[in-house]
Structure formats: structure tokens, C-alpha cells
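Everything below concerns the one structure shown next.
The values are calculated or read from the model by the stated rules, or taken from the named source; none is laboratory data. Remember, predicted model here, so these are calculated numbers, not experimental data. Methodologically, a virtual Cβ is constructed for each residue, glycine included, from the backbone with ideal geometry; neighbour enumeration extends over all protein chains shown. The protein model used for the area step is the full one, side chains on, heavy atoms only, and it has no ligands, DNA or RNA in it. Shrake-Rupley method; radii C 1.70, N 1.55, O 1.52, S 1.80 Å.
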Amino acid sequence: KITMAGNVSQHGVFGTLNGATVKNVHVINMWSNGWSASTLGYTAYNTTFENVTITIYGNTISDISSSVGAVVGAETGGCTWKDVTINVDQAQGTLFKTINKDNKMDTFENVTVNGTITQFSDKGTPNGVTIVATGA
């Protein structure tokens, strides 16, 4: 379990991931309001996320007009997201700014978002993702 006490960095816990595996981890972000923060990292390419729980607290996760998503800040491409739970508290905005970058498709399997968000990504909500709204 990794707890971040008020992330204000767009680079999150891992910065840039490429060809990595993130597995069996729970990341808690005690959100600092602001457009520039992300939880896992700024970019992720060809990376596997499996059995991961992400919990984001705060009044706002990310303004959809900004260039940063609350889970991965800028973009993902070629990533696999399997058995991932994303919990957002009193949240709005976007979780991923851009998925499927450069036509490198991300795959989502058994991904659940618990909370209220404005959008999953700028490309919508992909197959394999279930959003369970928990109030505004």
C-alpha cells in the first residue's frame, strides 16, 4: 500500500512507465486540488496493471479541460488493465487524459470505477470498464 499525502505533481508515483508491470498494489492519493496532479504517473506505454486498487480523495480530481488525468496524467498506449478498481471520492473530471495513444490500443478487463466522474478519458469509456456512480 502506497499513500501519497497530497499529490501536486503530474508525475505521480511512477513518472513514466514503459514495459513495466504494476501488480498487487493499492495506491491512495490524498488529493490536492489542482489540474496538474496524477496518481500513477504522467505516461504509461506497454505496461501491465494487474490487481491494482487506486483510491483518490478530494473535491476534484481533474478539470476535463486540463491536460492531465487523475490516474495517468497525459497518455497511455498498449497497456493492459486487469482487475483494477478505481475509487474516487466526491470527484469530477477525467481519470485518463488520453488512452490508445498512436493507435496502440489499451485493453481493459474487469476494471471498476466507484464514484462520480465527468468522463473516463477523452476517448470515452472503453469496453471492460464499469462505472458505478456513487453520488454527486
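Looking at THR112, THR94, THR134, can you tell me which residue is open to solvent by 60 Å² or more (accessible area, probe 1.4 Å) and more than 19 Å from LEU17 (Cα to Cα)?
Values: THR112 fails: open to solvent by 60 Å² or more (accessible area, probe 1.4 Å); THR94 fails: open to solvent by 60 Å² or more (accessible area, probe 1.4 Å).
Going through THR112, THR94, THR134 in turn, just one is open to solvent by 60 Å² or more (accessible area, probe 1.4 Å) and more than 19 Å from LEU17 (Cα to Cα): THR134.
Please state which one of THR107, THR85 is within 21 Å of VAL25 (Cα to Cα) and open to solvent by 60 Å² or more (accessible area, probe 1.4 Å). Explain how you work it out, then say what you get.
Working: THR85 fails: open to solvent by 60 Å² or more (accessible area, probe 1.4 Å).
When all the criteria are applied, what remains is THR107.
THR53 versus (1) part of a strand (DSSP E or B); (2) modelled with pLDDT under 85: which is the lone unmet condition?
Evaluating THR53 over (1) part of a strand (DSSP E or B); (2) modelled with pLDDT under 85 leaves (2) as the failure.
Among the numbered conditions (1) open to solvent by less than 40 Å² (accessible area, probe 1.4 Å); (2) closer than 17 Å to PHE14 by Cβ; (3) in contact with a Gly (Cβ under 7 Å, 6 or more places away or on another chain); (4) in a strand (DSSP E or B), tell me where ALA70 comes up short.
It fails just one condition, (4).
Conditions tested, residue by residue: (1) farther than 24 Å from LYS1 by Cα; (2) out of contact with any Asp or Glu (no Cβ under 9 Å at 6 or more places or on another chain); (3) modelled with pLDDT under 80.
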position	(1), (2), (3)
ALA44	no, no, no
GLY78	yes, no, no
GLY93	yes, no, yes
LYS97	yes, no, no
ASN100	yes, no, no
MET105	yes, yes, no
VAL111	no, no, no
THR116	no, yes, no
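Of everything in the range 40-58 that's of a type in the set (Val, Ile, Thr) and surrounded by 19 or more Cβ atoms within 10 Å (Cβ to Cβ), which residue is nearest to CYS79 (Cα to Cα)?
THR47
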